[in-house]
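The values are calculated or read from the model by the stated rules, or taken from the named source; none is laboratory data. All values reported here derive from a predicted model rather than from experimental measurement. No Cβ is skipped: glycine too gets one built from the backbone with ideal geometry, and neighbour counts run over all protein chains shown.
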Amino acid sequence: MNENIQKLQEWIDGSENIVFFGGAGVSTESKIPDFRSTDGLYNQKYKYPPETIISHSFYKRNPEEFFRFYKDKMLYPDAEPNAAHLKLAELEKAGKLKAVVTQNIDGLHQKAGSETVYELHGSVLRNYCEICGASYDLDYVVNYDGVPKCNQPGCHGTVKPDVVLYEEGLNGMTIDAAVRAIAAADMLIIGGTSLTVYPAAGFVDYYRGNKLVLINRDETPMDYRANLIIRDKIGEVFSAIKV
Ligand code: CNA
């Protein structure tokens, strides 16, 4: 075990109120591409930039194109949790980890068994009719040809994923719960996030302890804040940790 991972293990052993704050890099080892890596979504070529397509105004103006991109590039119904998701769930069951705060929309923390998960940007697993509010699962959206429409009698509303698009606000209750968890944590582990998407990235400011661990392949604007930086793959790091 290398020195950094040993230190991470010691800090985990000595903590009882750990919070994990993560992003797309947590799921790349589950074969879901992130946004900003060289092989991530933002570095591929599309008719419109991904930031434009996954914005609220684009969704309203051009739902056909939105759903074409969304279904093709953002849905991974067969993805499975990796060692990072699984170890975090184990840490929660052991009573050490109190919450996962995630920017991810893939539902893999819950699939791994985590219970307290604050999904800042929503989830592709939940979908609602914009008119009558009827709810639909992921399969409904995946299997619907074109723009998914509500199947309730007399309703033909568009079924919108419960995902926070650019230009949309975050859910206030989720923000509140996430910030409270981070403020109360004795250890904050941040991983797989470029820490560039606000307001989520600003949540780091609420941590008041001195065990801030950053596990990320690339540098982030918040590296200077970390008490320990690990530049390895997050799944590999967590598979070395004993609960
Ligand atoms: P990002 O900006 O794409 O950054 C990802 C970061 O993770 C980068 O700094 C990488 O260096 C790092 N990284 C990638 N793979 C690994 C790995 N195996 N181990 C360690 N580090 C790794 O993603 P953010 O989450 O910071 O940006 C926030 C966006 C991305 C949110 O709005 C998400 O909804 C959105 N997103 C989510 C998913 C998902 O749900 N899986 C996928 C793609 C994008």
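Would you check if Tyr118 is under 24 Å from Pro77 (Cα atoms), touching a strand residue (DSSP E or B) at 6+ places or on another chain (Cβ under 7 Å) and in contact (Cβ under 8 Å) with a residue 40 or more places away in the chain? So Tyr118 passes the test. In region 227-243, the residues that are closer than 19 Å to Asp34 by Cα and among the aromatic types (Phe, Trp, Tyr) never reach a residue that is within 13 Å of the ligand (Cβ to nearest atom) and assigned to a loop (DSSP other than H, G, I, E, B) with C-beta atoms less than 6 angstrom apart, at least six apart or across chains.
List pairs: first in region 20-41 and at pLDDT below 80, second near the ligand (Cβ under 8 Å from one of its atoms) and of a type outside the set (S, T, N, Q), Cβ under 6 Å, 6+ apart or cross-chain? From residues that are at pLDDT below 80, the pairs are Arg36/Tyr42; Gly40/Pro33; Gly40/Asp34; Leu41/Pro33; Leu41/Phe35.
Counting only strands (runs of 3 or more DSSP E) that sit completely within region 131-243, those holding 1 or more residues that are within 21 Å of Glu16 (Cα to Cα) and hydrophobic (A, V, I, L, M, F, W, C) correspond to 187-191, 212-215, 228-230. None of Glu90, Glu167, Glu119 is farther than 21 Å from Thr28 by Cα and either out of contact with any Pro (no Cβ under 9 Å at 6 or more places or on another chain) or modelled with pLDDT under 95 (or both) except Glu167.
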